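Q: Below: one structure in structure tokens.
The values are calculated or read from the model by the stated rules, or taken from the named source; none is laboratory data. For clarity, every value in this text was computed on a predicted model and none was experimentally measured. So basically every Cβ, Gly included, is an ideal-geometry build from the backbone, and we count neighbours across all protein chains shown. Ligands, DNA and RNA are excluded from the accessible area calculation, which covers all protein heavy atoms including side chains. Shrake-Rupley method; radii C 1.70, N 1.55, O 1.52, S 1.80 Å.
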Amino acid sequence: LPGEIRERTQDYRMHILEVRKMKDTSMFCTDVRHVLDFIRNSSDKNALRQLVTEDPYYRNMEEDAWNVIVQYAKVGKLVNVKDYYREDGKIDMCTALIELLEDERKEGEKIGELRGEKRGVKRGVKRGVKRGEMRAEKKYIRNLMKNLNLTEKQAMAALEIKKRHRLRSFIKRTRVSN
């Protein structure tokens with residue numbers, strides 16, 4: 001640092017905590033411990049679910065702890081629901097998270113159902129088009145065979161149909177039924 005800035009600046013010691021790598025937070029005896037535990041477990045949904053359901057603190061937590069958790073754990077969807085889960089000045093994080101996860105699950109199901117419906121419609125349309133094409137081809141072959149007295153092979157050649165194996169069983173049944 002330049003001399004004149006160094007004179008105006010204090011050289012304080014800085015302690016940095018890597019919260020997500022901490023194994024034990026029991027040394028903290030305030031809300032800080034719960035905030036750090038939440039942040040530490042926020043990337044593992046199973047560990048987080050276990051933490052908030054087993055530790056009674058998360059059913060009755062301080063608002064400032066809630067605010068820190070929402071900001072640092074990147075659960076921004078909880079910002080706007082704080083008042084809904086407040087009772088006697090405390091906030092129920094456990095219920096808020098459980099309901100948030102349930103809402104997200106339901107939304108995921110809806111998205112999945114819509115995707116499934118779209119796929120089903122596409123498949124149904126493709127199958128319907130194929131069936132319609134096959135019926136038309138069969139009808140044209142029958143008409144040529146009947147009206148022009150052509151063999152199946154001649155009728156298919158006239159229509160430039162190369163799917164002989166697919167239509168053969170139908171034509172045989174048609175001959176028998178006519």
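Q: Using the Cα centre as the reference, give the magnitude of the dipole from point charges on the C-beta atoms of the range 1-101 (Lys, Arg: +1; Asp, Glu: -1; all else neutral), rounded to the nearest 20 debye.
A: For this selection, approximately 420 debye.
Q: Rounded to the nearest whole Å², what accessible area per residue is found for the chain with the 1.4 Å probe?
A: 79
Q: Gaussian network model of the chain, Cα springs within a sub-10 Å range: biggest mean-square fluctuation belongs to which of 84, 72, 140?
A: 140
Q: Obtain the nm distance between the two label points defined at residue 67 and residue 32 by a simple spin-label model: each point lies 7 Å from its Cα along the Cα-to-C-beta direction.
A: 1.8
Q: Roll a 1.4 angstrom probe over the protein heavy atoms and tell me the percent of accessible area of the range 10-55 that is carbon or sulfur.
A: So the carbon and sulfur contribution to the accessible surface is 50 percent.
Q: In debye, nearest 20, what is the charge dipole magnitude of the chain about its Cα centre with +1 on Lys and Arg Cβ and -1 on Asp and Glu Cβ, if you could check?
A: Computed charge dipole of the chain: roughly 3720 debye.
Q: GNM, the chain, Cα, under 10 Å: largest mean-square fluctuation among 25, 151, 53?
A: 151
Q: With Kirkwood radius over Cα pairs in Å in mind, check [x] 17.5; [y] 23.3; [z] 22.4 and report the label derived from this structure.
A: [y]
Q: Who wins for biggest fluctuation among 87, 62, 160 in a Gaussian network model of the chain, springs between alpha carbons below 10 Å?
A: Comparing 87, 62, 160 in a Gaussian network model of the chain, the most mobile one is 160.
Q: At most 12 other Cβ atoms within 10 Å and a DSSP loop assignment: could you name the trypsin sites (Lys or Arg not before Pro) in the range 1-33 that fit?
A: Counting only loop positions with at most 12 other Cβ atoms within 10 Å, the trypsin sites (Lys or Arg not before Pro) in the range 1-33 are 13, 23.
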